[in-house]
1. Using a 1.4 Å probe, what is the accessible area per residue for segment 107-183, in Å²?
2. Determine the share of the chain's accessible area contributed by carbon and sulfur atoms, expressed in whole percent, with a 1.4 angstrom probe.
3. Counting pairs of alpha carbon atoms under 8 Å apart in space and at least six apart in sequence, what relative contact order in percent does the chain give?
4. Which one, T112, T99, I123, is farthest towards the positive end of the dipole of the chain when Lys and Arg carry +1 and Asp and Glu -1 on their Cβ?
5. Given (1) 13.2; (2) 11.7; (3) 9.6, which label gives mean projected area of the Cα convex hull in nm² as computed from the coordinates?
6. Enumerate the amide H contacts of H142 below 5 Å, restricted to partners 5 or more residues apart or on another chain; note that Pro and chain-start residues carry no placed amide H.
7. Calculate for the chain the 222 nm mean residue ellipticity that helices alone would give, adding -39,500 (n - 2.57) per DSSP H run of length 4 or more and normalising by residue count, nearest 500 deg cm²/dmol.
8. Percent antiparallel among DSSP beta bridges with both residues in the chain, to the nearest 5?
Amino acid sequence: MTTNTKSAVNLLDAEAVRRALTRIAHEILEHNGGAEGLLLLGVRTRGKPIAQRIALLIKRFEGTDVPVYELDVTPYRDDRPGDRGRSDSSEPPADFEVTGRKIVLVDDVFYTGRTVRAAIDAIMDRGRPDNIQLAVLVDRGHRELPIRADYVGKNVPTSRSERIKVRLKEIDGVDEVVLVRLA
């Protein structure tokens, strides 16, 4: 009989998460010449609270409100066959216009790139933005698609047997990023 054991290593504590998001917010503003025309789309589930935090930082730095919506990419995933199209539960609303906007797609962990590809498909079904940028709290590597993040809180090279667990106080009661090694 084999036993699965796990060991965990804390990669980011609450202060490190705060610093990473502050840096990402500054980089977004610098890259885009300010906040005009920006729209933040947080990938469900942890992408939205991260996007909301970035929007609050941008407001503090620039005095500008940046809209934030949650994006449910489930109907666009290539690993879940079914009807492709808009999810009834996703934001932005069906009549929301992305055309001409600078969209920053926000997610917690960037891994194979398949979630990002699904998100891009969901966005493009709504219109043609000026551009789509990607901000992630953690990039763990192992890309299967030619996609890269524009803004990264922390790069963490991992093995395929390791997992990254992001915990946010809005959902989990604590801010931390943990590397879990499966033995």
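1. On the way: 3580 Å² over 77 residues.
About 47 Å² of surface per residue is accessible.
2. Details: 4460 of 9520 Å².
The computed percentage sits at 47.
3. Working: 358 pairs, mean separation 48.7, N = 183.
RCO, the chain: 27 percent.
4. Projecting each Cα onto the dipole axis, the largest value belongs to T112.
5. Among (1) 13.2; (2) 11.7; (3) 9.6, the one calculated here is (2).
6. Those lying under 5 Å, H to H, from H142: there are none.
7. Details: 4 runs with 50 residues, N = 183.
Result for the chain: -8500 deg cm²/dmol, rounded to the nearest 500.
8. Values: 12 of 33 bridges.
Counting only bridges with both partners in the chain, antiparallel ones make up about 35 percent.
The values are calculated or read from the model by the stated rules, or taken from the named source; none is laboratory data. Source: prediction; values computed, not measured. Don't worry about glycine lacking a Cβ; one is built from the backbone with ideal geometry, like all the others, and counts go over all protein chains shown. Just the protein is used for accessible areas: all its heavy atoms, side chains included, with ligands, DNA and RNA removed. Shrake-Rupley method; radii C 1.70, N 1.55, O 1.52, S 1.80 Å.
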